[in-house]
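Notes follow once the structure below has been shown.
The values are calculated or read from the model by the stated rules, or taken from the named source; none is laboratory data. In this text the structure is predicted, and so the values were computed from the model without any measurement. A quick note on method: Cβ atoms are made from the backbone with ideal geometry, for glycine too, and the neighbour counts reach across all protein chains shown.
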Amino acid sequence: MTTAPSKRSPTTEMPLPEKRYQPDSIGPLAGVRVLDLTRHVSGGQLGLVLADLGAEVIKIEQPGKGDGLRRIAVKGFDAYWRAYGRNKKSVALNLRDERGRELLMRLVEGADVLTENFTPGVLEQITGGIDELHARNPKLVVVRISGWGQTGPRANRPGFGTLGEAYAGFTGLNGYADQPPVPPPLSLADTVSGTYAASAALAALYNVKVNGGEGQVVDVSLFEPLFSIMGPDSTMYANSGARRHRGEGTKVSSVRGAFETKDGRYIVISAATPEMARRFFTGMGLGHVLADERFSTPEARHENRVALLDLLAAEFRKHTRDELLEFAEEHRVTIGPVNDIVDILEDEHYLARETVVRMEDGVVMPSPVPRLSGTPLAIRSPAPALGEHNEAILAELGLDPDELARLRADGVA
């Protein structure tokens with residue numbers, strides 16, 4: 001049985017929490033200035049994390065063009081830019097022009113962090129290199145995201161997330177044993193590397209602000225952060241010869257997976273502990289399964305996981321999704337729904353936690369995470385227009401309106 005695509009459509013009547021932008025909100029990184037030279041999703045995620053935490057993130061963009069995320073439209077709506085551009089400022093500077101490069105270097109003098117995700121060597125062409133940046137600002141933290149990192153035989157090759165996901169070993173494990181590997185349905189390597197880069201930037205910034213250290217370079221590739229969250233694969237193989245294969249899941253539990261229900265929907269179960277497995281099997285009236293020597297222990301269940309998964313699939317197809325979720329609630333068993341975005345936008349728990357909100361201009365977006373009790377994160381401003389903050393930011397460098405007008409006319413700003 002398969003599920004027909006939902007006929008529900010997005011509507012302004014969705015019962016989402018309504019929020020106003022909070023331009024005066026003070027986050028924990030208030031006072032930190034970030035010059036964001038990045039593009040696309042890895043840089044968007046890096047800047048988003050820092051901006052949501054309260055940093056002043058100034059995107060430096062090419063006049064007339066801007067970040068490529070601005071031009072990704074879904075049914076005419078620039079959803080990617082709205083999602084990744086919030087809480088940021090935009091300054092348009094032509095870094096191919098000597099005047100634009102010099103304005104960037106003057107901004108560097110007052111910045112705490114500079115972020116970029118060019119192919120290695122491009123930043124050097126723009127700025128003269130790390131030594132020149134630190135000559136202007138010895139305390140500057142420079143965060144560099146690239147496909148393969150700043151060193152090694154692949155360093156100068158172009159790289160995108162799809163390549164990084166495959167190179168890290170993720171894609172090879174994703175999917176079913178009798179089918180080709182499946183790339184993830186989102187920018188996984190980009191978002192993981194962007195988040196890792198943000199945490200490293202904060203650590204380097206702490207070393208400057210608290211420990212009195214100097215600025216430094218943070219080198220983040222697209223493949224290494226994803227490889228790092230693959231868990232014990234390298235340790236397991238190097239020490240025992242054991243390895244995971246596509247379609248077999250983890251070594252943690254075999255009472256685990258996604259299953260179709262009687263009404264053509266899907267649930268997941270993860271009964272990783274012996275007690276949770278016992279609660280599930282006995283509650284479902286399947287105590288005889290635990291008496292079968294093939295399934296009596298976690299080790300035996302994993303050894304016979306194919307037979308167990310077939311048994312579970314047959315059992316779950318006897319019940320609707322709601323029946324299984326009610327069972328899980330009653331018996332405190334870890335079964336949950338496989339949500340799509342429509343489920344999410346109507347879910348009572350999402351609504352209660354205000355995980356997704358509708359802003360005053362009608363744009364729906366996820367709320368910032370994580371939650372801080374003393375300095376709560378906020379959506380301070382919508383994604384900016386290209387060059388929206390040129391006048392305010394460049395005026396800090398002493399440029400008067402006439403100079404700004406000349407730079408605009410020359411395509412520099």
From Arg144, Arg101, residue being under 16 Å from Gly44 (Cβ atoms), assigned by TED's automatic domain parsing to the domain that holds Gly31 and at pLDDT 95 or above:
Arg144
Need the failing condition index for Arg256 against (1) surrounded by fewer than 16 Cβ atoms within 10 Å (Cβ to Cβ); (2) more than 30 Å from Ser199 (Cα to Cα); (3) charged (D, E, K, R), just the number.
(1)
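In this structure, does Val333 turn out to be among the aliphatic types (A, V, I, L, M), touching a helix residue (DSSP H, G or I) at 6+ places or on another chain (Cβ under 8 Å) and either surrounded by 12 or more Cβ atoms within 10 Å (Cβ to Cβ) or at pLDDT 95 or above (or both)? Quick ask: steps written out before the conclusion?
Details: among the aliphatic types (A, V, I, L, M): yes; touching a helix residue (DSSP H, G or I) at 6+ places or on another chain (Cβ under 8 Å): yes; either surrounded by 12 or more Cβ atoms within 10 Å (Cβ to Cβ) or at pLDDT 95 or above (or both): yes.
Spelling it out, Val333 is indeed among the aliphatic types (A, V, I, L, M), touching a helix residue (DSSP H, G or I) at 6+ places or on another chain (Cβ under 8 Å) and either surrounded by 12 or more Cβ atoms within 10 Å (Cβ to Cβ) or at pLDDT 95 or above (or both).
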Among the residues that make up region 166-189, is at least one of them within 17 Å of Met230 (Cβ to Cβ), touching a residue at least 12 places away in the same chain (Cβ under 8 Å), of a type in the set (Asp, Glu) and out of contact with any Lys or Arg (no Cβ under 8 Å at 6 or more places or on another chain)?
no
Region 104-123: number of residues that are free of Cβ contacts under 8 Å to residues at least 60 places away in the same chain and either touching an Asp or Glu at 6+ places or on another chain (Cβ under 7 Å) or of a type in the set (D, E, K, R) (or both)
1
Of Asp67, Asp36, Asp52, Asp24, the only residue that is more than 23 Å from the chain's Cα centre (by Cα) and at pLDDT 95 or above is Asp24
Looking only at region 40-50, decide whether some residue is surrounded by fewer than 20 Cβ atoms within 10 Å (Cβ to Cβ) and not basic (Lys, Arg).
no
Enumerate the pairs (first residue in region 216-234 and on the phi < 0 side of the Ramachandran plot; second residue anywhere and assigned to a strand (DSSP E or B) and among the charged types (D, E, K, R)) with beta-carbon separation below 9 Å, excluding pairs fewer than 6 apart on the same chain, so at least 6 apart or on different chains.
Val217/Arg144; Val218/Arg144; Asp219/Arg144; Val220/Arg144
Which of the residues belonging to region 73-103 are exposed (fewer than 15 other Cβ atoms within 10 Å of the Cβ) and more than 18 Å from Gln62 (Cα to Cα)?
Ala73, Val74, Lys75, Gly76, Phe77
From (1) surrounded by fewer than 15 Cβ atoms within 10 Å (Cβ to Cβ); (2) over 23 Å from Ala51 (Cβ atoms), pick out the condition that doesn't hold for Pro370.
(2)
Taking into account only those residues within region 159-187 that are in contact with a helix residue (DSSP H, G or I) (Cβ under 9 Å, 6 or more places away or on another chain) and of a type in the set (S, T, N, Q), which is farthest from Arg244 (Cα to Cα)?
Ser187
Residues being surrounded by fewer than 21 Cβ atoms within 10 Å (Cβ to Cβ) and not in a loop (DSSP other than H, G, I, E, B): count how many of those fall in region 105-139.
13
Is one or more of the residues making up region 315-324 surrounded by 13 or more Cβ atoms within 10 Å (Cβ to Cβ), modelled with pLDDT under 95 and of a type in the set (A, V, I, L, M)?
no
Would you point out the residue of region 328-342, among those that are among the aliphatic types (A, V, I, L, M) and outside any helix (DSSP H, G or I), that is farthest from Met14 (Cα to Cα)?
Val333
Being aliphatic (A, V, I, L, M) and within 30 Å of His134 (Cβ to Cβ), is that true of even one residue in region 173-193?
yes
Does region 71-92 include one or more residues that are free of Cβ contacts under 8 Å to residues at least 12 places away in the same chain, touching an Asp or Glu at 6+ places or on another chain (Cβ under 8 Å) and hydrophobic (A, V, I, L, M, F, W, C)?
yes
Do the conditions hold for Ile72, that is, is it under 18 Å from the mean Cα position of the chain (by Cα) and assigned by TED's automatic domain parsing to the domain that holds Ala392?
yes
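Within the group Leu308, Leu312, Leu290, Leu325, which residue is part of a helix (DSSP H, G or I), touching a helix residue (DSSP H, G or I) at 6+ places or on another chain (Cβ under 6 Å), touching a residue at least 24 places away in the same chain (Cβ under 8 Å) and not assigned by TED's automatic domain parsing to the domain that holds Gln179? Show your work before the answer.
Details: Leu312 fails: touching a helix residue (DSSP H, G or I) at 6+ places or on another chain (Cβ under 6 Å); Leu290 fails: touching a residue at least 24 places away in the same chain (Cβ under 8 Å); Leu325 fails: touching a helix residue (DSSP H, G or I) at 6+ places or on another chain (Cβ under 6 Å).
It is Leu308.
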Counting residues that are modelled with pLDDT of 95 or more, within 30 Å of Ile267 (Cβ to Cβ) and outside the structural domain of Arg70 (by TED's automatic domain parsing), which helices (runs of 4 or more DSSP H) fully inside region 343-413 reach at least 3?
348-353
